[in-house]
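Comments concern the structure below.
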Amino acid sequence: MFATTNEHDEGGGPVQQRGAPLEVIARSLRRERDRVGLSLSELAKRAGVAKSTLSQLESGSGNPSVETLWALSVALDVPFSRLVEPPQPRVQVIRAGEGPAVFSERADYVATLLASCPPHARRDIYLITAEPGGKRESHPHSPGVVEHVVLCSGRALIGLTDDPVTVEPGDYVCYPGDLPHVFEALVAGTVACMVSEHV
């Protein structure tokens, strides 16, 4: 079982067993079920578990066995670890002049790949104009949203609220949009291109 429990060793002393936090499992199950577009009933049926069991797990209660979680991971087509380990924020920065570049033979033109689009993803593109004097603090968006920003002009502090990155014109930064994040212009005339990716 995965809930933290207290048992006793042979000498009668308590033994602390640590498992995957139920709230991590609950969030992971909801995120992955939404990703594949399955109803609670359909996922329960595919995994061979009771709908009430799945409902309890997604609400952060219950005491899931390895077998139950394994069946759910197979039904969701994800590694077992994705259900029991909290996702780690992945922040990527590509500075101006860095990244894999392809040059044109016929023009003064360079294409630099910043991020390839994963299958079944949807992206929205925004032009951001900002001035100093206040920062745009965003609450977490829907699960799975990733934001990509290329700074066009100015200077800005961008990224996760607790660890933003200072970027200059031409710099690229990528961060999880489903965590609190911030955009703060540090000089006048700051302009950026932002792509919001919905996986």
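The values are calculated or read from the model by the stated rules, or taken from the named source; none is laboratory data. In this text, all values refer to a predicted model and were calculated from it rather than measured experimentally. Cβ atoms come from the backbone with ideal geometry, glycine included; neighbour counts cover every protein chain shown. The protein model used for the area step is the full one, side chains on, heavy atoms only, and it has no ligands, DNA or RNA in it. Shrake-Rupley method; radii C 1.70, N 1.55, O 1.52, S 1.80 Å.
In table form, for the structure just shown:
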quantity: Accessible area of the chain belonging to carbon and sulfur atoms, whole % at 1.4 Å probe; calculated: 52 percent
quantity: Coil-residue chymotrypsin sites (Phe, Trp or Tyr not before Pro) of the stretch 67-103, DSSP, other Cβ within 10 Å capped at 13; calculated: Phe80
quantity: Furthest towards positive pole of dipole, Val49, Leu22, Thr68, structure part the chain, Cβ charges; calculated: Val49
quantity: With at most 15 other Cβ atoms within 10 Å, longest stretch of the chain clear of loop trypsin sites (Lys or Arg not before Pro) (DSSP); calculated: 107-199
quantity: Over the chain: helical MRE at 222 nm, DSSP H runs n ≥ 4 each giving -39500 (n - 2.57), nearest 500; calculated: -6500 deg cm²/dmol
quantity: Gyration tensor (alpha-carbon) shape descriptor, the stretch 60-103, a/c threshold 1.5; calculated: prolate
quantity: Net charge of Cβ neighbours under 9 Å - reference Val145; Lys, Arg +1; Asp, Glu -1; calculated: -3
quantity: Nitroxide proxy distance, nm - points 7 Å out along Cα→Cβ at Thr161 and Phe103; calculated: 4.5 nm
quantity: The stretch 88-183: C-alpha gyration tensor shape, a/c 1.5 cut-off, then a/b vs b/c; calculated: oblate
quantity: Probe 1.4 Å - accessible area at Ile94, Å² to nearest ten; calculated: 20 Å²
quantity: Calculated P(r) tail over 20 Å for the chain, as whole % of Cα pairs; calculated: 65 percent
quantity: Cα gyration tensor, the stretch 30-146 - rounded (a/c under 1.5), prolate or oblate; calculated: prolate
quantity: Probe 1.4 Å, protein heavy atoms only - accessible area per residue of the chain in square angstrom; calculated: 60 Å²
quantity: Modelled FRET efficiency - R0 45 Å, Ala188 with Ala121, Cβ distances, 0.05 increments; calculated: 0.85
